[in-house]
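Below is one structure; the comments refer to it alone.
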Amino acid sequence: FEGMTIVELAKRTGVSIRHLQEIIVNVGEKVDSEFDPLSIDIAELVSMEVGVNVRRQHSDEGAVLQPRPAVVTVMGHVDHGKTSLLDALRQTSVAAKEAGGITQHLGAFVVEMPSGASITFLDTPGHAAFSAMRARGAAVTDIVVLVVAADDGVMPQTLEAMAHAQVANVPIVVAINKCDKPSADPERVRIQLGTEGLLLEDLGGDVQVVQVSAKTKLGLDKLEEALLLQAEIMDLKARIDGPSQAYVVEARLDRGRGPLATAIVKSGTLACGQYIVVGSEWGRIRSIRDMLGRATSSGRPAMPVEIEGLKGLPMAGDDVVVVDSEERARMLSNGRKKKLEKDRLLKASEERIEIEDTSE
Ligand code: GDP
Ligand code: MG
């Protein structure tokens, strides 16, 4: 997408070069030659204008990639201990201990290990959140922790979560929870998962299984080790420099500070003062805070950060892109708002047609 020329865009969208040039002039941009690369913002605006769905993709070609922490989502059946496990993990973080255990609930948190390694956890458990993010193109999760209660065993939502992870091609690490209970039967859970086709490492596969208790904190270090190992196998890397891309995991309106968005940086570095477009909203980053509420000047890959300075409230799953100027930010935000409205009307009219059809 980045550096695409008008000629290439015409080929991709099936719209004539002349028409594309007209649109570009209409959005107030100069057209030099149809062989000159377009800016990513203009390419997106023009694509939306001709009704083509686009996904921004900055090229990592020639960029310096650095190792980055994994972003993990916890999934599993209701009451199997997802929330308890996240709370317990949160408390294991070195930083959380330093800050007196007080961490904000921002939709994500980082567990820092004494070794210096860290893992980012999304705080919204459940496959609904996972699927919603994915449906909006936000492939933020690197690893899924599949929580299965050792007493209850595999249940319908366990299988659903498993299927979601597999469809998304996201590796699973199994956490058999509630192992403190007398009725716990982790061996039965292993057999059940194996029967469902999960290739556990005990059986020669590559899915790691860890026995834990969110209640007694048993095995949490083993779970963290397993996640670090999985991350190492995946060789997760990100570009640190250049245009930043991030995804919103949670957004809320603060009475004093206005719209706040927690975002996870995918690549590049977010910094104060940058103009950003978030979904169909825009703003200029006034401040960035980490999950302990500390002000920081920038956000690096896999880091959840709270961004202040947006004009409106974005939604979970929205992308955050950095643009050059306020004018660009407004333009892109307007373009996206128009596109959303168009899609909404289109959907509404389709629904109307369906209703009419069934009434006959
Ligand atoms: P979620 O619905 O998956 O988020 O599950 P919760 O975290 O809300 O836990 C459901 C219930 O199981 C709560 O009553 C927890 O206290 C309990 N629970 C969670 N983890 C453990 C555990 O490791 N051991 C025991 N004994 N109970 C647990
Ligand atoms: Mg819960």
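The values are calculated or read from the model by the stated rules, or taken from the named source; none is laboratory data. In this text the structure is predicted, and so the values were computed from the model without any measurement. Ideal geometry is used to build each Cβ from the backbone, glycine not excepted, and the neighbour counts take in all protein chains shown. Note: accessible area is taken over every heavy atom of the protein model, side chains too, but ligands, DNA and RNA are not part of it. Shrake-Rupley method; radii C 1.70, N 1.55, O 1.52, S 1.80 Å.
Taken over the stretch 209-226, residues that are of a type in the set (A, V, I, L, M, F, W, C) and assigned to a helix (DSSP H, G or I) amount to 3.
Residues that are among the polar types (S, T, N, Q) and outside any loop (DSSP other than H, G, I, E, B) were ranked within the stretch 67-96; the one that is nearest to ligand 2 (Cβ to nearest atom) is 83. Among the conditions (1) surrounded by 16 or more Cβ atoms within 10 Å (Cβ to Cβ); (2) within 29 Å of residue 112 (Cα to Cα), the only one that residue 202 does not satisfy is (1). Specify the residue that is surrounded by the fewest Cβ atoms within 10 Å (Cβ to Cβ); the eligible residues are those in the stretch 62-80 that are over 22 Å from residue 112 (Cα atoms) and within 16 Å of ligand 1 (Cβ to nearest atom). Restricting to residues being over 22 Å from residue 112 (Cα atoms) and within 16 Å of ligand 1 (Cβ to nearest atom), the top hit is 78. Could you check, for the stretch 212-219, whether at least one of its residues is touching a helix residue (DSSP H, G or I) at 6+ places or on another chain (Cβ under 8 Å), open to solvent by 30 Å² or more (accessible area, probe 1.4 Å) and within 16 Å of ligand 2 (Cβ to nearest atom)? Yes, the stretch 212-219 contains a residue that is touching a helix residue (DSSP H, G or I) at 6+ places or on another chain (Cβ under 8 Å), open to solvent by 30 Å² or more (accessible area, probe 1.4 Å) and within 16 Å of ligand 2 (Cβ to nearest atom). Just to be sure, is residue 251 within 16 Å of ligand 2 (Cβ to nearest atom) and touching a residue at least 60 places away in the same chain (Cβ under 8 Å)? In short, no.
Scanning the stretch 166-190 for residues that are within 22 Å of residue 218 (Cα to Cα) and part of a helix (DSSP H, G or I), we see that the one that is farthest from ligand 2 (Cβ to nearest atom) is 187. Being loosely packed, with under 13 Cβ neighbours inside 10 Å and not acidic (Asp, Glu) is the requirement here; does residue 194 meet it? For residue 194, the condition - loosely packed, with under 13 Cβ neighbours inside 10 Å and not acidic (Asp, Glu) - is not met.
Take residue 137 and tell me if it is assigned to a loop (DSSP other than H, G, I, E, B), modelled with pLDDT under 70 and on the phi > 0 side of the Ramachandran plot. So residue 137 fits the description; yes.
Beta carbons closer than 9 Å, at least 6 apart along the sequence or on distinct chains, pair a first residue in the stretch 272-283 that is farther than 13 Å from residue 261 by Cβ with a second that is among the aromatic types (Phe, Trp, Tyr) and part of a strand (DSSP E or B) for 275/282.
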